[in-house]
Ligand SMILES: Cc1ncc(COP(=O)(O)O)c(C=O)c1O
């Protein structure tokens, strides 16, 4: 088994240190002064809250925003987002507990949570039914059957939506087009039959459909076309089967612009969405993860050593893919800023790399522990901090914390 190294960043230069907000720099330099090597995520909850407000305010009344907790489940982030979202999207009982703590149900109302996941076990489904979540997005006939049984045993009715893997979504761009074999949901050609069997199962209230077919889409036009397609497909299918359609969940997938890309145009998306008319009583749920939290987080790791090996320079960090695996697992250039730290023990040699390409690697005993390759830096010294912006989504949660057993990265709210 091997992990692909991230692509070479050459000929790119590292970010200038002033891409880091003053408050981030201040806090990191404080941490550097504490005497233990820095390995931390810093989060700014206000940035996440502002993103959520921006999206919520751009969308029509019939839309609801449920933040996908998997993107960043730190309680401080959930607390920051809670007042600005309609609810959360969860995939495990741990996420359910965090979500319900951050945003408890209003008296007499369901927990403001929707849930998805391709292999929900009986304990997970039981937890979701007992928590009375708004909707369980069911992903197979067996799952529907299990929810039905669990609900009946508890003398209750569970709201479920059927997750569908569309045969084709008629939009181009950076969307997955559907129609690919996957473990997610039910293939569209089988949806009618599964709907009919769900309608016969006791203890279920079939409220609608779930489709999550987009990923990192930066184009507002195609995302609005995708939303329209989900609404029209759900309305037609509901009409055909006599379903009282209340829930059309279009999943996540709004993208985040790294260097040089055009940001997702939220206002334009809202304008285009407003031209769609869902059936009366149907709520269109969006489950953004990355879009709400990518830019609220910074991953910072102290440079433990700088080495030169057969003409190449390496900055080796107190961290790596055990803290931040995104650049390798998503095969992306994730750029860095070097934050100089002046303090250094007297009499100790201080290796550095100056004005040339540097590869940033981690502390694990494998060459796969590489975060960024061949990025041009003015100077990086042992003891400086390597700081990766845009690390708020799929950062800490997505890392292989246990491999080698070094301490995990701290997580701090600014
Ligand atoms: C069901 C579901 N909803 C929402 C999301 C969030 O997606 P994103 O972070 O791309 O917005 C995911 C991500 O995997 C997902 O599986």
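The values are calculated or read from the model by the stated rules, or taken from the named source; none is laboratory data. Since the structure is predicted, the reported quantities are computational estimates derived from the model, not experimental observations. Please note: Cβ atoms are built from the backbone with ideal geometry, for glycine as well, and neighbour counts cover all protein chains shown.
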*Across the stretch 120-159, what is the total count of residues that are out of contact with any helix residue (DSSP H, G or I) (no Cβ under 9 Å at 6 or more places or on another chain) and within 16 Å of the ligand (Cβ to nearest atom)?*
4
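Picking from 333, 303, 358, 380, which residue would you name as being away from the ligand (no atom under 16 Å from the Cβ), within 22 Å of residue 260 (Cβ to Cβ) and buried (at least 22 other Cβ atoms within 10 Å of the Cβ)?
Numbers: 333 fails: buried (at least 22 other Cβ atoms within 10 Å of the Cβ); 303 fails: within 22 Å of residue 260 (Cβ to Cβ); 380 fails: within 22 Å of residue 260 (Cβ to Cβ).
Only one candidate qualifies: 358.
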_Checking the condition surrounded by 20 or more Cβ atoms within 10 Å (Cβ to Cβ), within 28 Å of the chain's Cα centre (by Cα), closer than 30 Å to residue 410 by Cβ and away from the ligand (no atom under 16 Å from the Cβ), which residue from 298, 229 passes?_
298
*Of all residues in the stretch 83-128, which are over 21 Å from residue 211 (Cα atoms) and either in contact (Cβ under 8 Å) with a residue 60 or more places away in the chain or buried (at least 24 other Cβ atoms within 10 Å of the Cβ) (or both)?*
99
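Residues are listed down the side, and each one gets a yes or a no for (1) without any contact (Cβ under 8 Å) to a residue 60 or more places away in the chain; (2) within 16 Å of the ligand (Cβ to nearest atom); (3) in a strand (DSSP E or B):
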site	(1), (2), (3)
348	yes, no, no
365	yes, no, no
390	no, yes, no
400	no, no, no
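Residue under question is residue 59, and the condition is that it be without any contact (Cβ under 8 Å) to a residue 40 or more places away in the chain and in the same structural domain as residue 161 (by TED's automatic domain parsing); does it hold? Break it down into steps so the answer makes sense when it comes.
On the way: without any contact (Cβ under 8 Å) to a residue 40 or more places away in the chain: no; in the same structural domain as residue 161 (by TED's automatic domain parsing): yes.
When the stated conditions are applied, residue 59 does not pass them.
For the stretch 1-39, what are the residues that are under 27 Å from residue 263 (Cα atoms) and in contact with a helix residue (DSSP H, G or I) (Cβ under 6 Å, 6 or more places away or on another chain)?
Initial filter on the stretch 1-39 (under 27 Å from residue 263 (Cα atoms)): 5-25.
If the condition is that a residue be under 27 Å from residue 263 (Cα atoms) and in contact with a helix residue (DSSP H, G or I) (Cβ under 6 Å, 6 or more places away or on another chain), then 6 is the only one that fits.
Regarding the stretch 249-260, can at least one residue be identified that is within 16 Å of the ligand (Cβ to nearest atom) and on the phi > 0 side of the Ramachandran plot?
Going residue by residue through the stretch 249-260, those that are within 16 Å of the ligand (Cβ to nearest atom) are 249-258.
Then drop every residue that is not on the phi > 0 side of the Ramachandran plot, which leaves 251, 253.
Scanning the stretch 249-260 turns up at least one residue that is within 16 Å of the ligand (Cβ to nearest atom) and on the phi > 0 side of the Ramachandran plot.
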*asked:* Taking the conditions exactly as written (in the same structural domain as residue 57 (by TED's automatic domain parsing), within 16 Å of the ligand (Cβ to nearest atom), touching a strand residue (DSSP E or B) at 6+ places or on another chain (Cβ under 9 Å) and touching a residue at least 24 places away in the same chain (Cβ under 8 Å)), does residue 269 satisfy them or not?
replied: yes
*Could you tell me which numbered condition residue 205 fails, if it satisfies all but one of (1) within 16 Å of the ligand (Cβ to nearest atom); (2) at pLDDT 95 or above; (3) out of contact with any helix residue (DSSP H, G or I) (no Cβ under 8 Å at 6 or more places or on another chain)?*
(1)
_Matching residues in the stretch 64-80 - criterion: being part of a helix (DSSP H, G or I) and within 13 Å of the ligand (Cβ to nearest atom)_ = 69, 70, 71
